[in-house]
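Q: There's a structure below that I have some questions on.
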Ligand SMILES: [Zn+2]
């Protein structure tokens, strides 16, 4: 199960959570203030460069089954 990083918009707390790929973008409670104003950071598995992937996945689109996303590493897909 991959580890995702989250940031709380209320208190600014950063924390990690071990979640399934399906739950990656689901609402998660801040571990510090217990607020729900959190968002996932794209830092561990996916690097942005001007809004484009730098991991060699520029050419793949995630419509449909997204067969190019192995190991939950694709930031384009929420599935
Ligand atoms: Zn918080």
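Every number here is computed from the coordinates shown, using simple stated rules; none is lab data. Nothing here was measured: the structure is a model prediction, and the numbers come from that model. Here Cβ is always computed from backbone atoms with ideal geometry, including for glycine, and neighbour counts include all displayed protein chains.
Q: When you take every Cα atom in region 3-46, what is the radius of gyration, and what is Dmax, the widest Cα pair distance, in Å?
A: 9.6, 27
Q: What is the list of residues in region 1-23 whose amide nitrogen lies under 11 Å from a point 7 angstrom out from the Cα of residue 39, following Cα to Cβ?
A: 7-9
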